[in-house]
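The values are calculated or read from the model by the stated rules, or taken from the named source; none is laboratory data. As the structure is a prediction and not an experimental result, all values here were calculated from the model. Using ideal geometry, Cβ is built from the backbone for each residue, glycine included, and neighbour counts are taken over all protein chains shown.
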Amino acid sequence: MTFTATRFAPRLLTGGKALLGALALVAGLAAAGPAAAQGQPVRGGTLSMILNPEPAVLVSGVNSSSPVAAVSPKMFEGLVTYDPKFKMLPQLAVSWNQSADGKTITFKLRPGVKWHDGKPFTSADVQFSFMEILKKYHSRGTATFQHLVAVETPDDLTAVFKLDEPSPYIMRALAGVEAPIMPKHIYEGSDPLKNPANLKPIGTGPFKFKEWERGNYIMLERNPDYWDKGKPYLDNLVFRIIPDGSARAVALESGAVQYGTQYVVPLNDVERLSKLPNLAVTTAGYEYNTSVNYLEFNLRRPYLADRRVRQAIAYTINTDFLVKNVWFGFATKATSPITDKQADFHTSNIPQYPYDLKKAEQLLDEAGMKKGPDGIRFKVTIDWSPSGEMFRQTAELLRQGLQRVGIQAEIRNSDNPTYLRRVWTDNDFDINIFSASNIADPVIGIQRFYWSKSIQKGVSYSNGSGYNNPEMDKILESAQIENNPAKRKKLYEDMQRLVMTDLPNMGLVYIQWFTIYDKKIKNLNTTGLGPYESFADVYMEK
Amino acid sequence: MATESVRPAPARRSGRERLVRYLVRRLGQAALTLVAIVILNFVILHLAPGDAIDVLAGEAGGGTPEYVEQLRHAYGLDQPIYVQMVRYLVNAAQLNFGFSFRNNMSVVDLIMSRLPATLLLMTASILLSFTLGVLLGVFAARRVNSFADNAISVLALLCYATPLFWFGLMAIVLFTVKLNLLPGNGMYTIAANYDWFEATLDVGRHLVLPACSLALFHMAVYTRLMRSSMLEIYGLDYIRTARAKGLSQRRIAFRHVLPNAILPMVTMLGLQIGALLGGAVLVETVFGWPGLGRLAFDAILQRDHNLLIGILLFGSALVIVANLVTDLVYAWLDPRIEVA
């Protein structure tokens with residue numbers, strides 16, 4: 001599962017599909033027997049990893065931002081975890097059973113599990129976590145668990161989910177990072193958002209909280225009473241908060257830290273680092289939480305309300321150029337709004353918009369957007385998410401493409417709060433470039449961009465384009481409660497076709513997140529959660 | 001500097017009484033200044049679009065309107081700005097500086113946890129820049145227009161013009177990556193189980209690069225200032241007298257010129273303390289130094305207004321105190337100047 005950027009970048013460009021196929025195959029093999037394939041695990045050692053920015057709290061049940069998601073699953077577990085193909089694997093639940101109508105799910109819980117403070121873990125904790133925390137305080141949980149009306153606890157080791165509508169996506173939202181099981185005895189009767197345990201967590205996971213020096217590091221230590229005897233292998237996990245990109249590269253290069261994920265270093269630094277003898281780069285482990293780079297149109301604007309104009313703009317974007325020069329190969333061309341890593345939903349057999357300026361001009365003429373005497377048809381603004389330089393570069397490329405067909409574009413730069421408010425509260429934008437996670441299931445991950453009920457002022461990453469199509473709503477609402485996987489896939493194929501026809505937004509590239517790590521670190525990415533897994537299996541060669 | 005007044009010496013109140021009256025007046029002004037700073041900051045910060053909840057919910061990848069509403073209400077951000085401001089002032093008057101939503105901690109605890117790191121970095125860098133600046137300035141002034149003087153001038157110019165972060169990064173590349181001599185990130189080795197001596201040494205090693213980076217700019221300023229101040233005094237009559245008496249050049253430089261030339265440096269020192277808080281942001285970011293500067297910077301990007309105003313208030317208080325101390329030191333150093 002390890003290759004250098006130089007070796008695989010060209011292959012990604014020419015045959016991304018083949019590579020992904022190979023990746024899935026390798027990942028499958030790894031899941032079958034990682035320990036056997038990689039030798040005998042060694043006990044001991046401290047793994048230092050890069051974390052940026054500093055998280056607000058350490059519990060993903062009350063804060064679902066990505067730095068929290070990196071730390072929390074080491075201390076908190078979910079009912080299950082997932083392999084790279086989304087197959088459910090036991091964690092705090094040892095088995096589960098869904099009724100035929102999809103409205104009852106029974107979980108048998110793991111016996112002998114203890115919280116870090118020594119109290120026993122029971123079905124009451126499961127009941128409390130879902131009904132009192134996730135359903136009320138989790139940014140996505142309120143929507144994901146909307147049809148969960150009760151969790152019954154017939155005995156200490158059985159939890160029965162009662163739903164008023166089938167909610168197939170729940171079965172993909174049960175990982176420790178998305179739906180952590182939290183201790184009832186710590187949180188009961190308190191305001192969960194302000195509970196002091198958010199800073200000094202008590203979980204069931206393989207690592208226990210040790211200390212947090214603000215602005216410096218977070219340290220976790222081995223949980224000696226972990227239910228999976230003999231694990232974890234590492235003595236300590238240290239999350240170093242290093243705010244500067246170049247400093248992070250140096251920290252990896254000098255061996256001060258051994259693990260970094262996502263945007264850990266500037267993309268143009270990755271190739272250099274991957275050539276160092278001690279480091280390796282992989283794109284495995286991002287199956288569960290994969291991101292897509294989108295371009296979104298504000299349909300409230302008169303010019304952009306015309307579908308032909310949006311399609312014309314889509315034809316001006318040279319995605320191959322983006323993949324190669326902006327993403328340095330750490331992305332593949334998007335063919336639909338749903339990532340190809342979600343193979344049971346994704347389809348690319350839908351309208352596509354290859355780079356074609358003639359077609360763009362023709363569509364603009366048809367739409368009545370004639371060129372003025374100065375060669376300009378109309379003006380637009382482009383906003384980009386300040387979470388990455390890639391989005392600014394994408395905006396620049398888009399501007400050049402638009403200029404060639406007579407659309408004058410102005411790029412607006414802003415800091416994150418300004419940007420979020422401008423796009424999703426004030427709706428004061430024309431074209432918006434950003435990335436969003438597809439999070440395991442379309443209902444959780446991307447329905448929010450197309451459902452008319454997600455046109456919610458003040459909610460970031462909701463339906464910002466203002467897209468309101470009753471046909472789309474019907475498809476989405478049917479898919480929410482469709483328990484038959486084949487029928488559900490068919491519904492999402494219709495949905496993707498409609499998105500690519502109407503183009504309220506469009507996927508530009510599927511981001512290939514990468515992890516840079518020291519070659520001494522073994523057994524990474526044994527599940528589809530990658531950096532968001534518990535690290536109970538990870539060990540460090542001497 | 002507000003208080004220099006050169007007077008003849010008529011019959012006056014006792015020195016102690018005057019000092020007390022002076023201090024009371026200055027502290028009264030300081031309190032008013034601080035209130036004005038809070039109000040001004042409140043207004044300016046609220047002019048920036050977006051609030052802490054936009055950031056929190058944005059980082060969480062969205063949410064529902066109820067979720068956002070609930071957060072905003074929980075933190076009192078659904079109130080009009082004047083209500084928030086009055087609440088803040090009333091609380092601050094009782095020394096309650098509020099709660100950082102973003103960090104889930106009280107603002108005072110946060111500032112206090114970061115203060116030692118910043119103070120250490122500032123003290124080291126002030127000592128370094130002041131000492132080196134005086135030495136180089138004196139050296140240059142004694143050999144004015146010589147090669148050494150010119151070389152020092154060029155060096156000072158380079159240090160003055162070099163961006164802090166660039167110097168920091170280059171120092172990391174050289175001393176950390178290439179030579180592997182000094183650590184380039186953090187304040188100490190994590191979980192090293194050192195005894196107190198090793199731990200001190202460890203912090204010292206981590207301190208070298210950031211303190212030097214931060215000191216360079218001010219060293220340049222001090223060098224230029226010291227040199228010109230020395231030259232100015234060299235031109236005064238009493239130095240000519242000293243020369244005429246046949247005193248040695250060394251004695252003239254160190255006994256007659258230096259003590260008088262150092263006065264403007266004290267003024268500059270007072271100003272530097274304020275400027276260092278600003279410069280510390282860059283150095284703390286590049287070197288991952290867990291200080292106040294970065295805390296303030298993050299607070300801006302996260303619209304963590306309680307925390308930011310707390311830090312600004314604290315920084316303002318620090319500058320006011322530094323100015324007051326500078327004035328008192330000035331009066332003590334130069335008998336012609338007195339507090340009034």
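Here is the figure for the stretch B:286-305: residues that are over 14 Å from the mean Cα position of the chain (by Cα) and either surrounded by fewer than 21 Cβ atoms within 10 Å (Cβ to Cβ) or under 19 Å from residue B:48 (Cβ atoms) (or both) total 10.
Of all residues assigned to the stretch A:464-483, none qualifies as being within 14 Å of chain B (Cβ to nearest Cβ) and closer than 19 Å to residue A:169 by Cβ. Candidates in the stretch A:149-197 are the residues that are among the charged types (D, E, K, R) and farther than 25 Å from residue A:65 by Cα; of these, the one that is farthest from the chain's Cα centre (by Cα) is A:155.
In the stretch A:316-335, the condition of being part of a loop (DSSP other than H, G, I, E, B), touching a strand residue (DSSP E or B) at 6+ places or on another chain (Cβ under 9 Å) and basic (Lys, Arg) is met by no residue.
Screening A:252, A:220, A:237, A:276 for residues that are aliphatic (A, V, I, L, M), in a loop (DSSP other than H, G, I, E, B) and under 30 Å from residue B:209 (Cα atoms) leaves exactly one candidate, A:276. The condition of being under 19 Å from the mean Cα position of the chain (by Cα) and either among the β-branched types (Val, Ile, Thr) or farther than 30 Å from residue A:235 by Cα (or both) holds for only one of B:238, B:222, that being B:222. Here residue A:364 meets the list (1) under 17 Å from residue A:401 (Cβ atoms); (2) under 24 Å from the mean Cα position of the chain (by Cα); (3) surrounded by 21 or more Cβ atoms within 10 Å (Cβ to Cβ) almost entirely, failing just condition (2).
Being crowded, with 17+ Cβ neighbours inside 10 Å, more than 14 Å from chain B (Cβ to nearest Cβ), within 23 Å of residue A:160 (Cα to Cα) and of a type outside the set (Phe, Trp, Tyr): is that true of residue A:100 here? Against the criterion (crowded, with 17+ Cβ neighbours inside 10 Å, more than 14 Å from chain B (Cβ to nearest Cβ), within 23 Å of residue A:160 (Cα to Cα) and of a type outside the set (Phe, Trp, Tyr)), residue A:100 does not qualify. Identify the residue in the stretch A:65-77 that is crowded, with 24+ Cβ neighbours inside 10 Å and in a loop (DSSP other than H, G, I, E, B) and, among all such residues, is farthest from the other protein chains (Cβ to nearest Cβ). Taking the candidates together, the pick is A:77.
Scanning the stretch A:258-270 for residues that are assigned to a loop (DSSP other than H, G, I, E, B) and modelled with pLDDT under 90 returns A:262, A:263, A:264, A:265, A:266.
Here the stretch B:88-114 is the region considered, the condition is being more than 11 Å from chain A (Cβ to nearest Cβ) and not in a helix (DSSP H, G or I), and the residue that is farthest from residue B:297 (Cα to Cα) is B:94. Does residue A:217 count as touching a helix residue (DSSP H, G or I) at 6+ places or on another chain (Cβ under 8 Å) and buried (at least 21 other Cβ atoms within 10 Å of the Cβ)? Answer is no for this residue. From the list B:308, B:277, B:318, B:328, which residue is in a helix (DSSP H, G or I), within 14 Å of chain A (Cβ to nearest Cβ) and either surrounded by fewer than 24 Cβ atoms within 10 Å (Cβ to Cβ) or not polar (S, T, N, Q) (or both)? Just a single option satisfies the conditions, and that option is B:308. A search for C-beta distances below 6 Å between a residue of the stretch A:190-219 that is facing chain B (nearest Cβ under 9 Å) and over 20 Å from residue B:298 (Cβ atoms) and any residue that is surrounded by fewer than 20 Cβ atoms within 10 Å (Cβ to Cβ) and basic (Lys, Arg), counting only pairs 6+ apart in sequence or on different chains, returns A:219/A:210. Yes or no: residue B:164 within 13 Å of chain A (Cβ to nearest Cβ), touching a residue at least 40 places away in the same chain (Cβ under 8 Å) and surrounded by 15 or more Cβ atoms within 10 Å (Cβ to Cβ)? It is true that residue B:164 is within 13 Å of chain A (Cβ to nearest Cβ), touching a residue at least 40 places away in the same chain (Cβ under 8 Å) and surrounded by 15 or more Cβ atoms within 10 Å (Cβ to Cβ).
Answer yes or no: is there a residue in the stretch A:83-100 that is of a type in the set (Lys, Arg) and more than 26 Å from the chain's Cα centre (by Cα).
No: the stretch A:83-100 contains no residue that is of a type in the set (Lys, Arg) and more than 26 Å from the chain's Cα centre (by Cα).
Out of curiosity, is residue B:219 buried (at least 21 other Cβ atoms within 10 Å of the Cβ) and touching a Pro at 6+ places or on another chain (Cβ under 7 Å)? No: the conditions fail for residue B:219.
Residue by residue, here is whether (1) within 14 Å of chain B (Cβ to nearest Cβ); (2) under 30 Å from residue B:293 (Cβ atoms); (3) assigned to a loop (DSSP other than H, G, I, E, B) holds:
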site: A:248; (1), (2), (3): yes, yes, no
site: A:272; (1), (2), (3): yes, yes, no
site: A:289; (1), (2), (3): yes, no, yes
site: A:294; (1), (2), (3): yes, no, no
site: A:314; (1), (2), (3): no, no, no
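Residue A:537 meets each of the listed conditions (1) under 21 Å from the mean Cα position of the chain (by Cα); (2) in a loop (DSSP other than H, G, I, E, B) apart from (1). Taking the stretch A:220-229 as the search range and keeping residues that are away from chain B (no Cβ under 14 Å) and in contact (Cβ under 8 Å) with a residue 60 or more places away in the chain, which one is surrounded by the most Cβ atoms within 10 Å (Cβ to Cβ)? The qualifying residue surrounded by the most Cβ atoms within 10 Å (Cβ to Cβ) is A:223. Can you confirm whether the stretch B:45-52 contains a residue that is assigned to a helix (DSSP H, G or I), among the acidic types (Asp, Glu) and either closer than 28 Å to residue A:199 by Cα or more than 7 Å from every other protein chain (Cβ to nearest Cβ) (or both)? There is no residue in the stretch B:45-52 that is assigned to a helix (DSSP H, G or I), among the acidic types (Asp, Glu) and either closer than 28 Å to residue A:199 by Cα or more than 7 Å from every other protein chain (Cβ to nearest Cβ) (or both). Pairs meeting the criteria (first residue in the stretch A:284-298 and within 13 Å of residue A:69 (Cβ to Cβ), second residue small (Gly, Ala, Ser) and part of a loop (DSSP other than H, G, I, E, B), beta carbons under 7 Å, at least 6 apart or on different chains) are A:288/A:175; A:288/A:440; A:288/A:528.
Given B:132, B:77, which one is more than 23 Å from residue B:317 (Cβ to Cβ), away from every other protein chain (no Cβ under 11 Å) and in contact with a Ser or Thr (Cβ under 8 Å, 6 or more places away or on another chain)?
Working: B:77 fails: in contact with a Ser or Thr (Cβ under 8 Å, 6 or more places away or on another chain).
Being more than 23 Å from residue B:317 (Cβ to Cβ), away from every other protein chain (no Cβ under 11 Å) and in contact with a Ser or Thr (Cβ under 8 Å, 6 or more places away or on another chain) holds for just one of B:132, B:77, which is B:132.
Candidates are the residues of the stretch A:115-151 that are within 14 Å of another protein chain (Cβ to nearest Cβ) and of a type in the set (Gly, Ala, Ser); the one that is farthest from residue A:62 (Cα to Cα) is A:143. For the stretch A:464-479, give me the residue count where each residue is surrounded by 21 or more Cβ atoms within 10 Å (Cβ to Cβ) and farther than 11 Å from residue A:450 by Cα. Within the stretch A:464-479, residues that are surrounded by 21 or more Cβ atoms within 10 Å (Cβ to Cβ) and farther than 11 Å from residue A:450 by Cα number 1.
Among the residues of the stretch B:39-86, those identified as acidic (Asp, Glu) and surrounded by 18 or more Cβ atoms within 10 Å (Cβ to Cβ) are B:51, B:54, B:59.
Filtering the stretch A:429-453 to residues that are surrounded by fewer than 22 Cβ atoms within 10 Å (Cβ to Cβ), farther than 24 Å from residue A:390 by Cβ and either without any contact (Cβ under 8 Å) to a residue 24 or more places away in the chain or polar (S, T, N, Q) (or both) leaves A:452, A:453.
Scanning the stretch A:403-417 for residues that are surrounded by 17 or more Cβ atoms within 10 Å (Cβ to Cβ) and of a type in the set (S, T, N, Q) yields a total of 2.
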